[in-house]
Amino acid sequence: MRIAIVTSGRLPVPATKGGAVETKLDYILDYNAEHHLHDITVYSVKPDKAIDKNTRENHYVNITLDSFWAKVGKKIYHYLNKTPYYNDIAEYFLYRCIRHMKGRQFDCIIIANRPGFVLKLREKIGGKLVNQINNDYISPDSPKASAIKEASSLIITCSDFLNRQTSKVACQANTPIVTVHNGIDIKRFAEAKPIDRAVLGMSKDDFIVFFSGRLTKEKGILELIQAIKQIKTIPHLKLIIAGASFYGKDSPQTPYIQELQREAETIKEQVVFTGFVDYSDMPSYLKVADVAVVPSLWEEPFGLTVLEAMAAGLPLVATRCGGIPEVCEGVSLLIERENICQNIVQAITHLYENPDEARLMANKAAERSWHFDKTPFSEKYLQVLTRE
């Protein structure tokens, strides 16, 4: 098949700046090149570092959005298009993609987590349009959800939770919706060596609770800090908070991160904010911990941090929301969001007081994580494209 992939226009592919969707595309493209399956053209913003992953199977079209002429082009495009679905940058990126696509024949065009792009692609290009969504972007409350669903030839969701949300949208077309659970490089997390605890100002006697992810309100970090403050029965209890508000360092810090730091002030000797951690280093950071906590307050579409903690061999505490149970039901302590602080306190204390149970849970989680490895994920994803 000849396939085009239209990325979001926000982060590059290859995923030099990280990003769950972009990293997932890297896995698919690497698998495609290794097995010589399809002719794939990827439309992406230009990577921030020089990298050439073009192969006989995979071709990368870099679209520059920050040059002088690109800025002029964006202004002209904005002047001529007054009702964009997304912001001007995203819409101009799509315009550039469509210009390059014209005259080229593709059997399938994949839209990577920008479902609104399908409306213009249906109008300008047509053909088989596959909407790949990693967030709750096609639901009854989403703008133009019915039109987006109807314009899509196929929708691939990363969890059954998102599948159900998308299925609630009424439309005239019988658009197929297929779940392909996310995958990661399990081996990297399973075999990583822990960083030296001293680098983080911690000792071998510390009992370390670990959070990783974006530092935003819906992730529940404030509630996690409040829970740590309440735990008095665990000596040498420490909390590592690894992440920033976006895919990069926070400069300046967001009001929410400032709120987190104020909340942690009275136990500042127990809490370490690492700031942004490069994804390549995350396995070693996870390996230093005793327990991972994912205290999400929203309907998490999948929960990659859940899977990463499982692959690293950690006992896990996570909220029962969104797609999280699909990943870790039966191999973690799932807690409810109601009374979340108290639930976190009880869960962490239970794992500390029952180390044999915690070890068994971690082993089962590590074993289950292989079901979500990047290889079966990529294989299933590409099979869905040819089957549906």
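With all protein chains present, how much of the accessible area of the range 235-347 (probe radius 1.4 Å) comes from carbon and sulfur, to the nearest whole percent?
Here carbon and sulfur together make up 49 percent of the probe-accessible area.
Placing +1 on the Cβ of each Lys and Arg and -1 on the Cβ of each Asp and Glu in the chain, which of Leu297, Ser146, Cys97 has its Cα farthest towards the positive end of the resulting dipole?
Going by the Cα projections, it comes out as Cys97.
Assigning unit charges at the beta carbon (Lys, Arg +1; Asp, Glu -1) and nothing else, what dipole magnitude in debye, to the nearest 20, does the range 122-229 show about its Cα centre?
Numbers: 16 positive and 12 negative charges, 48 e Å.
That gives a dipole near 240 debye.
For the range 169-316, place one equal point scatterer on every Cα, skip the solvent, and apply the Debye formula. What is log10 of I(q)/I(0) at q = 0.11, 0.12, 0.20, 0.22 Å⁻¹?
Rounded to two decimals, the profile gives -0.45, -0.53, -1.34, -1.58.
Defining a contact as two alpha carbons under 8 Å apart and six or more residues distant in sequence, what relative contact order in percent does the chain show?
14
Give me P(r) over the range 105-164, computed from all C-alpha to C-alpha distances, binned every 5 Å, as integer percentages.
P(r) for the range 105-164, in whole percents per bin: 4, 21, 32, 26, 11, 5, 1.
Pairing the Cα long axis of helix 374-387 with the longest principal axis of the chain, what angle in degrees results, from 0 to 90 and rounded to the nearest 10?
Its long axis makes an angle of about 30 degrees.
Does anyone have the angle between helix 221-230 and the longest principal axis of the chain? Alpha-carbon axes, 0 to 90°, nearest 10?
10
How far is helix 340-353 tilted off the main Cα axis of the chain, in degrees rounded to 10, range 0 to 90?
The angle comes out near 60 degrees.
Alpha carbon centre of the range 253-273 versus the range 1-34: separation in Å?
Measuring centre to centre over Cα atoms gives 35 Å.
Placing unit charges on C-beta atoms (Lys and Arg positive, Asp and Glu negative, everything else neutral), compute the dipole magnitude of the range 166-284 about its Cα centre in debye, rounded to 20.
For the range 166-284, the charge dipole is close to 200 debye.
With every protein chain present, what accessible area does Thr254 have (1.4 Å probe, heavy atoms only), rounded to the nearest 10 Å²?
About 40 Å², ignoring ligands and nucleic acids.
For Asp281 and Lys364, what is the calculated FRET efficiency with R₀ set at 30 Å and r taken between the beta-carbons, to the nearest 0.05?
The pair Asp281/Lys364 has a calculated efficiency of 0.70.
Would you be so kind as to identify which of Val42, Leu360, Tyr79 lies farthest towards the positive end of the dipole of the chain, taking Lys and Arg as +1 and Asp and Glu as -1 on Cβ and the Cα centre as origin?
It is Tyr79, whose Cα lies furthest towards the positive end.
Sorted by packing (mean other beta-carbon atoms within 10 Å per residue), highest first, where do 322-328, 153-159, 227-233, 71-77 land?
In descending order of packing, they fall as 153-159, 322-328, 227-233, 71-77.
Per residue, what volume in Å³ does the convex hull of the Cα atoms of the range 71-134 enclose? Could the numbers behind the result be given before it?
Numbers: hull volume 5.4 nm³, N = 64.
Taking the convex hull of the Cα positions in the range 71-134, it is 85 Å³ per residue.
With contacts defined as alpha carbon pairs under 8 Å and 6 or more residues apart, what's the relative contact order of the range 288-388 in percent? Could the numbers behind the result be given before it?
Details: 131 pairs, mean separation 27.7, N = 101.
Contact order relative to length: 27 percent.
List the residues whose amide H sits under 5 Å from the amide H of Gly275, counting only those 5 or more places along or on another chain, with H placed 1.01 Å from N in the peptide plane.
Those qualifying (amide H under 5 Å, at least 5 residues apart or on another chain) are Gly243.
Can you give the extra length, in nm with one decimal, that the chain gains between Ile51 and Lys268 once fully stretched, where that is 0.36 nm per residue apart less the Cα-Cα distance?
74.1 nm
Roughly what would the spin-label model give for Thr16 and Lys232, points 7 Å off Cα along C-beta, in nm?
Between Thr16 and Lys232, the simple spin-label model gives 5.3 nm.
May I ask you to give the solvent-accessible area per residue for the range 261-388, in square angstrom, as obtained with a 1.4 angstrom probe?
Averaged over the residues of the range 261-388, the accessible area is 43 Å².
Considering only Val306, Ala15, Leu316, whose Cα is most displaced toward the positive end of the charge dipole of the chain, charges sitting on Cβ of Lys, Arg (+1) and Asp, Glu (-1)?
Going by the charge dipole, the pick is Ala15.
Give me the percent relative contact order of the range 160-292, please, defined on Cα pairs under 8 angstrom at least 6 residues apart.
This gives 33 percent for the range 160-292.
Might you work out the accessible area of Thr41 for me, using a 1.4 Å probe with all protein chains in place, and round it to the nearest 10 Å²?
10
For Lys24, go through the lysines and keep the ones whose alpha-carbon is under 23 Å away, minus same-chain ones fewer than eight residues off.
Lys46, Lys49, Lys53, Lys128, Lys149, Lys187, Lys219, Lys249, Lys287, Lys374, Lys380
To the nearest 20 debye, what is the magnitude of the charge dipole of the chain about its Cα centre, counting +1 on the Cβ of each Lys and Arg and -1 on the Cβ of each Asp and Glu?
Here the chain has a charge dipole of around 1580 debye.
How large is ³J(HN,Hα), in whole Hz, for each residue of the range 91-98 in order, when computed from phi with the Karplus curve 6.51 cos²θ - 1.76 cosθ + 1.60 and θ = phi - 60°, using x for Gly and Pro?
Taking θ as phi minus 60°, the curve returns 5, 5, 4, 4, 4, 5, 4, 5 Hz for the range 91-98.
Please compute P(r) over all alpha-carbon pairs of the range 11-96, binned at 5 Å starting from zero, and give each bin as a whole-number percent.
Values per bin, smallest distances first: 3, 14, 21, 19, 17, 12, 9, 4, 1, 0.
The values are calculated or read from the model by the stated rules, or taken from the named source; none is laboratory data. Just so it is clear, the model here is predicted, and its values are computed rather than measured. Here Cβ is always computed from backbone atoms with ideal geometry, including for glycine, and neighbour counts include all displayed protein chains. Note: areas computed on protein heavy atoms with side chains; ligands, DNA, RNA excluded. Shrake-Rupley method; radii C 1.70, N 1.55, O 1.52, S 1.80 Å.
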